[in-house]
Amino acid sequence: MMGSRDQRPLVTTVMIVAAAVFCFRGASAADPSFGDNFEITGAEDHVKTSADGQTWFLYLDNKTGVGFQTKEKYLFGWFSMNLKLAGNDSAGVVTAYYMCSDVDAAPERDELDFEFLGNRTGEPYIIQTNVYRSGVGGREMRHSLWFDPTADFHSYSILWNPKQIVFFVDKVPIREYRNSDKPNKFFPIMKPMYVFSSIWNADDWATRGGLEKTDWTKAPFISSYRDFTADACSWGTAAAASPATSPPSCAAATGNSWWDQPPAWALDDAQREDSAWVARNLVIYDYCDDRVRYPSPSEECALRTTSS
């Protein structure tokens, strides 16, 4: 059973040092605005921007939602965004923050998902994560949080390299998804991805399996974004001088970037301790334990290094 929502994961000095490496971002006198990195997908009148261009606000009402995507696509790296989720009664509302390969090839897409499932007032948000390889997903995990994600900004990050994918919340690893040394069909490794986010109505499934419907009298629902970081291999820029079928050199595990060096290939001891705390206290659903859907666990489930 989960303890108090005010309880925090153990964050040791080692963890802080590792997180600093993972999240280092050099200061700049003129950081790029959100518009330098992203383009709007959907109704432009449902997007507002702060005066300095550093914060974006996506609006959902009973007419439409909206989203955005990066102008570049990437193969491997560290991707992080600070989000503040829609407050009040958000049942039926989903804010998605995810990576996806070319949308024109959607049936064969690779995808890494954070989905934030709204709830009735006073009930906690649920985070759902998922991994797709060549259009096959069904690898959902659901977690509760140890804070109110509507009260302030928090960081949500993905580390993706040829060895592992890790989903982080405020530098705490909530999910580790490891690759195998053998050829497999579960780990996305070949297709570059864009970074997306959107807010939309999903009251047919998002809250209590669709029993709780969106209360449009509480609209508009607003999700807020700032401090996007992509310390990553940019496919669009790095491959410009190469044939379209050739990956950029940075896509190989060369050790030239921190995210493709050995310390980023597995969780360290402190991160495994935090991950185990999450497994004991915050996991609501894990497809690896669902014997109704999967009588035999999926191949990748056996690769986990953490335990509850």
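Where a number appears in this text, it was derived from the coordinates with a stated rule and is not lab data. Here the structure is a predicted model, which is why all the values come from computation and not from measurement. Cβ: placed from backbone, ideal geometry, glycine included. Neighbour counts: every protein chain shown.
Okay, here's what the table says:
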| read-out | value |
| --- | --- |
| Pairwise label distance in nanometres, residue 258 with residue 37, each label 7 Å out on the Cα-Cβ vector | 1.6 |
| Amide H within-cut-off set for residue 232, under 5 Å, with H built and near neighbours excluded | 78 |
| Stretch gain in nm, segment residue 230-residue 147, where the contour uses 0.36 nm per residue and the Cα spacing is subtracted | 27.4 nm |
| Gain in span if fully extended, residue 304 to residue 108, counting 0.36 nm per residue against the direct Cα distance | 68.0 nm |
| Within the range 124-149, backbone nitrogen closer than 18 Å to the virtual label 7 Å beyond the Cα of residue 211 toward Cβ | 124-126 |
| Cross-link pairs 163/191; 73/191; 63/213; 71/171; 71/185 - those with Cα-Cα distance over 18 Å | 71/171; 71/185 |
| Size of electric dipole in the range 86-177: Cβ of Lys, Arg +1 and of Asp, Glu -1, about Cα centre, debye, nearest 20 | 300 |
| Selection from 75, 216, 201, by position along the positive dipole direction of the range 36-303 (Cβ) | 75 |
| Pair residue 294, residue 189: separation of 7 Å Cα→Cβ label points (nm) | 1.8 |
| Residue 180 versus residue 268: modelled label distance in nm, points set 7 Å from Cα along the beta carbon direction | 3.0 |
| Per-residue Cβ neighbour rank within 10 angstrom, fewest leading, 166, 93 | 166, 93 |
